[in-house]
Amino acid sequence: NPRFRLNGFWNSATTAIPLYYPGEISLIKAEAYARQSTPDLVNGIVELNKVVTKKPANDALGIGADLPTVAPVTAADLLLQIYRNRCIELYLSGMKLEDMRRFGRPTSERKRNLFPYPFRERDSNANTPADPVF
């Protein structure tokens, strides 16, 4: 028997599986504000704090941190806080690896690396990025 059993939203064959988390939308907006050519820190912090201060009882899926507000000073600080809260809010959703790539996290943080892209994909798609470093 495993010591801990993590089910996420797959508790039974008949329970609904969410397509997106409400907090994810706020984090997407916060990231968009932070990544503009002139970062809009005020609106980015507002969107981030919607997730940070959310109470589980007020969320449709019961996800919430219920923490005090955060006040990052620079766009880099804001992006770091967004990344951390995406890791928490979207735990077990399968988004972590893509988030690590998008936020430029070091490969030493990964628990495993990816295989190279197949030749079939590389030959038919000119936009295929370079293979991951092993």
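Sorting D123, D77 by accessible area (1.4 Å probe), largest first, what list results?
The ranking, largest first, comes out as D123, D77.
Among Y83, Y33, Y117, which one moves the most in a GNM of the chain with springs linking Cα atoms closer than 10 Å?
Maximum among the listed residues: Y117.
May I ask you to give the average projected area over all directions of the convex hull of the Cα atoms of segment 10-92, in nm² rounded to one decimal?
Working: hull surface 22.8 nm².
With the hull built on Cα positions only, its mean projection is 5.7 nm².
Of A34, A13, A65, which has the largest mean-square fluctuation in a 10 Å C-alpha GNM of the chain?
Fluctuation is largest for A13.
Suppose a student asked you for the relative contact order of the chain, using Cα pairs under 8 Å spaced at least 6 residues apart; what percent would you report?
So the answer I get is 16 percent.
Among all the aspartates and glutamates, which ones have a C-alpha under 19 Å from K50's C-alpha, if same-chain residues fewer than 8 places away are not counted?
Straight-line reach from K50, under 19 Å: E24, E31, D40, D59, D66, D77, E89.
If you filter segment 51-129 for trypsin sites (Lys or Arg not before Pro), then keep DSSP loop positions with at most 10 other Cβ within 10 Å, what is left?
K111, R112
For the chain, what is the accessible area per residue in Å² when the probe is 1.4 Å?
On a per-residue basis, the chain sits at 72 Å².
Among the listed pairs K55/K111; K29/K111; K54/K96, which are separated by more than 24 Å between their Cα atoms?
K55/K111; K29/K111
In the chain, what percent of the accessible surface is made up of carbon and sulfur (1.4 Å probe, ligands and nucleic acids excluded)?
Carbon with sulfur: 57 percent of the solvent-accessible area.
What list of ³J(HN,Hα) values in whole Hz, one per residue of segment 89-94 in order, does the Karplus curve 6.51 cos²θ - 1.76 cosθ + 1.60 (θ = phi - 60°) give from phi, with Gly and Pro shown as x?
5, 9, 4, 6, 9, x
Apply the Karplus curve 6.51 cos²θ - 1.76 cosθ + 1.60, θ = phi - 60°, to the phi angles in segment 13-25 and return the couplings in whole Hz, x for Gly and Pro.
3J(HN,Hα) across segment 13-25, in whole Hz: 6, 10, 6, 6, 10, x, 7, 8, 9, x, x, 4, 5.
The values are calculated or read from the model by the stated rules, or taken from the named source; none is laboratory data. No experiment lies behind these values; they were computed from the predicted model shown. Every residue, glycine among them, receives a Cβ derived from its backbone with ideal geometry; neighbour counts consider all protein chains shown. Heads up: the accessible areas ignore ligands, DNA and RNA and are worked out on the full protein's heavy atoms, side chains in. Shrake-Rupley method; radii C 1.70, N 1.55, O 1.52, S 1.80 Å.
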